[in-house]
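Visitor: First, the structure itself, so that you have it in front of you.
The values are calculated or read from the model by the stated rules, or taken from the named source; none is laboratory data. Only a predicted model underlies this, so the values are computations on that prediction, with no experimental measurement involved. In this analysis, Cβ positions are derived from the backbone assuming ideal geometry, glycine residues included, and neighbour counts consider all displayed protein chains. Areas reflect the complete protein model, heavy atoms only, side chains present, ligands, DNA and RNA absent. Shrake-Rupley method; radii C 1.70, N 1.55, O 1.52, S 1.80 Å.
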Amino acid sequence: MDYKAFLTEAQSWVEISQGIRRDLHQIPEFGLHLPKTQARVRASIEGLGEIHEGRGLNSLALLIKGAHPGPTVLVRADMDALAVVEDTSEPFASTNGYMHACGHDLHMSIGIGVAHMIATHKDKLHGDVVIWFQPGEEGHGGADIMLEEGAHMISGSKPIASYGIHVFSAMLPRGIFASRPGAMMASAGDLIVKVTGSGGHGSSPWMGNDPISPMLEIANGLQAFLNKKLNAFDPVVINIGWVEAGDTHTTNVIPETASFGATVRTFSKEHDSKVRDIVPDFVDGIAKAYGVKVEVEFSAATKVLINDADAVDRVRDVTNQIYGEGRYMEMPTPMAGGEDMASIIEELGGAFVFLGAAKPGVDFTTAPVNHSNHAEFDDSVIPDGVALLTGLVFSHLGGE
Ligand SMILES: [Zn+2]
């Protein structure tokens, strides 16, 4: 099968794809409830297949049945924006206080493109395709809710593989696809530690029970402690993002509580569960020595994103067939960001792929990164994403 033809075809309607992306860019919405975004996407896929809307979130799952029987493959595009006030010079910049600063507007336009391509070529398809438009990727558990709602089962059979693309405004050269077998992105969760002592006069700390000193010891000691307990070749990142204690107007008061919050990133299931096991012991030990009470809370984390090696082989092969050598790069290490595509791949298998979308003429090594209020994406890469995902679908369902 000639996957190159998918690229030529997707390029022939690049302006339509860019127009859809720019429409979506001007109506960014946050979290799980994205009614305007859902309506805009729905308008662009109406008539292509069976559309299922989510119950607990504004998702869309589109089912396109092939002309021939066969298994199902799932393609996923995420939909949500960030609570970031856009500061770019794009003529279509958002003005509503939210921003598609992570490129999910491009992902939706790519997903819509894939839907049209699959619908056009469904006579050659040996199986069915499910295309997800998923809210709540940015820490709202959207993928898990869609799995719970059974949005992956709409063809009547469990998909044999799933694929998704993520664009980057920086870090990758424009047009480069990147992935890797095994761990590709971190499990990302929060650790909150709250220490409770008893208040008192700062002149006589031995008469109260200061929570700040044990909190600082816990915060400082945590990284060193994990360093001694965990294999350094399977890294764990803990970074404290906030601390809260006392009142900045006074130095002579011992407060009752002190707390901090940290982000925790792990790259294997083993270390994800080990960190949850051993951190409470460390915290309790220090708290016991000081005679304070302590609460340790780990939030539900995204899972480690673990690509199937054979799906990554397909990504490389399809990329090479469309573009020749030189457009696919194997990432030397995983990336410390989190992504709920991890839940989809854990359930269905498959692979996640990064796509460089730095603006032409911009140095990708210094350009503002995803999530920055200055991040700008080159939406002329949309046909590249459409061609790759369509090629991947046909690599499974193209028949002979
Ligand atoms: Zn993202």
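Visitor: Enter the accessible area of residue 372 (Å², nearest 10), with the probe set to 1.4 Å and all protein chains included.
Guide: 30
Visitor: Here's a follow-up. How many nm is it between the label spots at residue 126 and residue 231, if each spot is 7 Å from the Cα in line with the beta carbon?
Guide: It works out to 4.0 nm between the two label points.
Visitor: Moving on to the next point. Find the Cα radius of gyration of the chain, compare it with 2.2 N^0.38 Å by division, and give the number to two decimals.
Guide: Compactness ratio reported: 1.11.
Visitor: Between the stretch 217-258 and the stretch 17-84, how far is it from one alpha carbon centroid to the other, in angstrom?
Guide: 41
Visitor: Which entries in the list 65/303; 124/303; 36/269; 4/124 go over 26 Å, if you measure between the two C-alpha atoms of each?
Guide: 65/303; 124/303; 36/269, as the Cα separations exceed 26 Å there.
Visitor: Something else now. I want the antiparallel fraction of DSSP beta bridges within the chain, as a percent rounded to 5.
Guide: DSSP beta bridges in the chain are roughly 65 percent antiparallel.
Visitor: Another question, if that's okay. Tell me, what is the FRET efficiency for residue 281 and residue 8 to the nearest 0.05, using R0 = 60 angstrom and their Cβ-Cβ distance as r?
Guide: Plugging the Cβ-Cβ distance into 1/(1 + (r/R0)^6) gives 0.50.
Visitor: Could you check how much of the accessible area of the stretch 187-298 is carbon and sulfur, as a whole percent, using a 1.4 Å probe?
Guide: 51
Visitor: Placing +1 at every Lys and Arg Cβ and -1 at every Asp and Glu Cβ, with all other atoms neutral, what dipole size does the stretch 1-127 have around its Cα centre, in debye to the nearest 20?
Guide: 400
Visitor: Mean-square fluctuation check for the chain, GNM, Cα pairs under 10 Å: which of 172, 230, 106 is largest?
Guide: For the chain, modelled as a Gaussian network with Cα springs under 10 Å, the answer is 230.
Visitor: Starting from the eigenvalues of the Cα gyration tensor, five times each then square-rooted, give me the equivalent ellipsoid semi-axes of the stretch 187-298, largest first, whole Å.
Guide: Square roots of five times the eigenvalues give 29, 13, 10 Å.
Visitor: Please state the charge dipole magnitude for the stretch 187-298, taken about the Cα centre, from unit charges on C-beta atoms (+1 on K and R, -1 on D and E), reported in debye and rounded to the nearest 20.
Guide: For this selection, approximately 260 debye.
Visitor: Can you give me the Cα centroid spacing of the stretch 162-177 and the stretch 301-322 in angstrom?
Guide: Centre-to-centre (Cα) distance: 13 Å.
Visitor: Could I ask something else about it? Which distance in nm do the two modelled labels at residue 288 and residue 53 give, with both placed 7 Å along the Cα-to-Cβ direction?
Guide: Between residue 288 and residue 53, the simple spin-label model gives 5.6 nm.
Visitor: Right, something else. Solvent-accessible area per residue for the chain at a 1.4 Å probe radius, Å²?
Guide: Computed with neighbouring chains in place, this is 42 Å² per residue.
Visitor: Treating the beta-carbon of each Lys and Arg as +1 and of each Asp and Glu as -1, no other charges, what is the dipole magnitude of the chain about its Cα centre, to the nearest 20 debye?
Guide: So the dipole magnitude of the chain works out to roughly 340 debye.
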